[in-house]
Amino acid sequence: MLEPYVVTVSSEKGGVGKTTLATNLAIYLKALNEELPVTLFSFDNHFSVDRMFRLGRTLPKGDMLDLLSGTPVEHLLELGEYGVQFIPSSRKLESIASRMNRYDILARALAGSTLKGIVIIDTRPILDIFTQNALFASDRVIVPVKDTPSLENCRNLYDFFEDQGLSKRPLRLLPCLIDSRVHYDGPFKNAYQLLKGYAINRGYRCLEGYIAKSPKVESLNTNPEGKIYPVLTHGRGTNVHFQFAHLARQIFIGAKDEPQRRLDEIRQGLEQQEQTRDENFHTRRDLVLPDCPICGRQLVRHNAMEPASYFYTTSDHQVAGFLDEACFSSLVFRHCYHTQKKISPTDPLVDLFRESALRSYFVLRHADDNPATGAHNLLFYRFDDEGFEISHKSIEYRKNETRFLHKGPSALYRLASQTLFSEDTPIKERFLFIRRINSEFPEEILLDENYARLDAAMQYIGSKLPSNPED
Ligand SMILES: Nc1ncnc2c1ncn2[C@@H]1O[C@H](COP(=O)(O)OP(=O)(O)OP(=O)(O)O)[C@@H](O)[C@H]1O
Ligand SMILES: [Mg+2]
């Protein structure tokens, strides 16, 4: 699938003609090839895109805020004047700026969408998270420069590409708002040549040509209809008309000649990530023990799972699996709350424990055996969600016990022997980490993001356990 070619117009300098460039470029591209879908996205805060493209009094379908918040692009596109589709800017962008902590949100929203042709993104005069998202998705970045300060500002754009490990190939400077009446003595005859010379000198690449400062363009913003008129319809025959036409041709040819689109690269990266995520999940699933180590019930089947409420893993990731809900609660009630009778799963105390366990991590580890009785000693810790210790308790247990007419290995022994022993010897440096999980979808814990969170909590809590369990 050929993804759209994304062109961003960006400069940290205000009033250099970004919006004029983005909107007119869209119209000239459409004029160059009627069949070419041309879409304009605006992050600008002057809302000129609405004034230029909205047909009649149609209500907006949505805006860029909706796109970044997850609404599919196809639901937001409006067909506007001159055959250009657009999504207007939003007055509420600031409200999500602090929550936007990734550069690829826009790129992900567009990769794999049904958008085609050329997408042009108009940005604000600031390298904020919205501009960064636009740059991240771009095949071509046009940087209008009108004077030396705006040229100096380009450094930040280049640095962004450098920091993200992106090729700087898409970046192109374009001298704009050039006053053609000004002439200099010396090698650079006018402002265009001077800026181009400076740019090349600093290692920046430029598009061919420039956009002149024209009273005609300035006048297109002010009229009784309150519209903004394009150069194509209202400035034909002027120099800027030919300059925009030349610019549009360069962009069009650039798009045609680009063998791989940035969004293609992003889509492939996402597919690769998805595949790795899947493989990691299956590797973890293949390694978990299928049975509950306490009651022996098979919880993990070939392509399904029984409900299970706890996940456990050893600190060295050697053994992992699921625990039956009732098995773990009765173990805790017996050893920590010293409940003598068999506890009913409908007991309100069990409910209370179940609920509070959602915000807890449990740790089991061996302490020294009791040499007098030969019994094993375990330390049982409970930590809260933040990794603060809530309680700890020492538990003595034997391999065999007689309880409720049952004689045989104790529940604790069954759990410990399958996780914290090698042969018949307790492994002191290992601990068992237990977490309450979503019992309807127990395997969710094996997905990358959930597992990484669990692992981070385990590392953090592990670092807080005393190195000598006897301390
Ligand atoms: N080629 C031009 N000739 C004359 N005036 C121009 C030209 N291009 C833009 N202008 C005028 O300059 C002003 C700023 O242009 P524009 O809004 O496109 O800049 P901008 O970079 O998008 O600004 P901002 O950074 O505030 O979003 C407008 O009044 C516009 O009409
Ligand atoms: Mg603007």
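Some points to look at:
- Model label zone, ASN33; criterion: amide N under 16 Å from point 7 Å along Cα-to-beta-carbon; scope the stretch 165-181: none
- Axial C-alpha extent at least 18 Å, average Kyte-Doolittle at least -0.5 - helices from the chain (DSSP): 18-32, 239-257
- By the rule of a C-alpha distance below 25 Å, with chain neighbours fewer than 8 residues away ignored, the lysines paired with LYS168 are LYS13, LYS18, LYS116, LYS146, LYS196, LYS256.
- The stretch 374-399 and the stretch 64-100 have Cα centres separated by 53 Å.
- Residue-normalised convex hull volume from the C-alpha trace of the chain: 198 Å³ per residue.
- Maximal additional length on extending the THR238-HIS338 stretch stands at 26.9 nm, based on 0.36 nm per residue less the C-alpha distance.
- Global geometry of the stretch 176-260, whether rounded, prolate or oblate, following the gyration tensor of its Cα atoms and the 1.5 cut on a/c: oblate
- Structural descriptor for the stretch 288-464: relative contact order 25 percent, calculated from alpha carbon pairs under 8 angstrom and at least 6 residues apart.
- Sparsely packed loop sites in the stretch 129-187 (the trypsin sites (Lys or Arg not before Pro) outside DSSP H, G, I, E and B with at most 11 other Cβ atoms within 10 Å) comprise ARG181.
- Of the trypsin sites (Lys or Arg not before Pro) found in the stretch 15-99, the ones in coil according to DSSP and having at most 16 other Cβ atoms within 10 Å of their Cβ are ARG57, LYS61, ARG91, LYS92, ARG99.
- A Förster radius of 56 Å combined with the Cβ-Cβ distance from LYS393 to ARG51 puts the calculated FRET efficiency at roughly 0.20.
- Across the accessible surface of the chain, with the other protein chains kept in place and a 1.4 Å probe, carbon and sulfur atoms take up 51 percent.
- Prolate/oblate/rounded label for the stretch 1-110 (Cα gyration tensor, a/c 1.5): rounded
- The simple Förster model, with R0 at 30 Å and r as the Cβ-Cβ distance, assigns ASN101 and GLN250 a FRET efficiency of 0.30.
- Packing around the peptides 7-17, 444-454, taken as the average count of other Cβ atoms within 10 Å per residue, puts them in this order, highest first: 7-17, 444-454.
- Lys/Arg +1, Asp/Glu -1 at C-beta; the chain dipole; positive extreme among SER150, SER344, LEU194: LEU194
- FRET efficiency, GLU162 to GLU81 (Cβ-Cβ, R0 51 Å, nearest 0.05): 0.85
- Value of relative contact order over the stretch 149-220, rounded to a whole percent, pairs C-alpha under 8 Å and six or more apart: 34
- Net lengthening on full extension, GLN459/GLU225 (0.36 nm per residue, minus Cα-Cα): 77.7 nm
- Relative contact order of the stretch 1-123, defined on C-alpha pairs under 8 angstrom at six or more residues apart (%): 44
- For the stretch 288-464, the gyration tensor built on C-alpha atoms gives a rounded shape. Its axis ratio a/c (a ≥ b ≥ c) stays under 1.5.
- Once the Cα-Cα distance is subtracted from the 0.36 nm per residue extended length, the GLU265 to ILE126 segment shows a gain of 47.4 nm.
- Each Lys and Arg adds +1 at its Cβ and each Asp and Glu adds -1 at its Cβ; summed about the Cα centre, the chain shows a dipole of about 1140 debye.
- Projecting the Cα atoms of TYR361, SER391, ALA22 onto the dipole axis of the chain, where Lys and Arg carry +1 and Asp and Glu carry -1 at the beta carbon, places ALA22 farthest toward the positive end.
- Using a simple spin-label model with pseudo-atoms 7 Å out from Cα toward Cβ, ARG202 and SER417 lie 7.4 nm apart.
- GluC sites (Glu not before Pro) within the stretch 223-304: DSSP coil, no more than 13 neighbouring Cβ in 10 Å: GLU225
- Charged-residue dipole, Cβ positions (Lys, Arg, Asp, Glu), the stretch 1-127 about Cα centre, Debye nearest 20: 320
The values are calculated or read from the model by the stated rules, or taken from the named source; none is laboratory data. A quick note: this is a predicted structure, and the numbers were derived from the prediction, not measured. Cβ: placed from backbone, ideal geometry, glycine included. Neighbour counts: every protein chain shown. These area figures cover heavy atoms from the full protein model, side chains too; ligands, DNA and RNA do not enter into them. Shrake-Rupley method; radii C 1.70, N 1.55, O 1.52, S 1.80 Å.
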